[in-house]
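Structure first, commentary second.
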Amino acid sequence: MYKLSFFVPEENRDAVKQALFDIGVGRIGNYDSCCWQTLGAGQFRPLEGSDPHIGTQGEVEMLPEWKVEMVCEDDLIHQAVAALKQAHPYEEVAYDVWQLADI
């Protein structure tokens, strides 16, 4: 089992979550569409050669973003990361993948 977490602007949050739920991410026992989400502030500066969805090259951008976390079965993790990257609006998606211990 893995935990997948990512950062996403509010206007894209539900669509990105749904893309992951549609392939089976976020399932715990007899429940699906499970996730944890918190609102925070993201910061980045698009560099030369970037094609930012939000912001301007060379300028620091700070905006509200949601951190979303959900569990993912071992056999879905590669498909989940691919679906995340396809559904997400950012050129470079900030995400983490953690392998969970079964204790």
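The values are calculated or read from the model by the stated rules, or taken from the named source; none is laboratory data. None of the values given here were measured: they were computed from a predicted structure. Here the Cβ is made from the backbone with ideal geometry for all residues, glycine too, and neighbour counts use every protein chain on show.
Here is the figure for segment 87-103: residues that are under 15 Å from Leu4 (Cα atoms) and either in contact with a Phe, Trp or Tyr (Cβ under 6 Å, 6 or more places away or on another chain) or surrounded by fewer than 16 Cβ atoms within 10 Å (Cβ to Cβ) (or both) total 8. Residue count for segment 34-63 under the criterion of being outside any loop (DSSP other than H, G, I, E, B) and under 14 Å from the mean Cα position of the chain (by Cα): the result is 6. Looking at Met70, is it more than 30 Å from Asp102 (Cβ to Cβ), among the hydrophobic types (A, V, I, L, M, F, W, C) and in a strand (DSSP E or B)? No: the conditions fail for Met70.
Within the bounds of segment 44-63, is there any residue that is within 16 Å of Leu4 (Cβ to Cβ) and aliphatic (A, V, I, L, M)? Among the residues of segment 44-63, not one is within 16 Å of Leu4 (Cβ to Cβ) and aliphatic (A, V, I, L, M), which makes the answer no. Applying the condition of being outside any helix (DSSP H, G or I), more than 10 Å from the chain's Cα centre (by Cα) and small (Gly, Ala, Ser) to segment 1-29 and asking which residue is farthest from Met70 (Cα to Cα) yields Gly29. If you check Trp98 against the conditions, is it part of a strand (DSSP E or B) and touching a helix residue (DSSP H, G or I) at 6+ places or on another chain (Cβ under 6 Å)? Against the criterion (part of a strand (DSSP E or B) and touching a helix residue (DSSP H, G or I) at 6+ places or on another chain (Cβ under 6 Å)), Trp98 does not qualify. Counting residues in segment 6-28 that are closer than 19 Å to Trp98 by Cα, at pLDDT 95 or above and among the small types (Gly, Ala, Ser) gives one or more. Scanning segment 53-73 for residues that are more than 19 Å from Gln18 (Cβ to Cβ), of a type in the set (Asp, Glu) and out of contact with any Phe, Trp or Tyr (no Cβ under 7 Å at 6 or more places or on another chain) gives a single hit, Glu59.
Scan segment 64-76 for residues that are surrounded by 13 or more Cβ atoms within 10 Å (Cβ to Cβ) and closer than 17 Å to Phe7 by Cα and jot them down. Across segment 64-76, the qualifying residues are Glu65, Trp66, Lys67, Val68, Glu69, Met70, Val71, Cys72.
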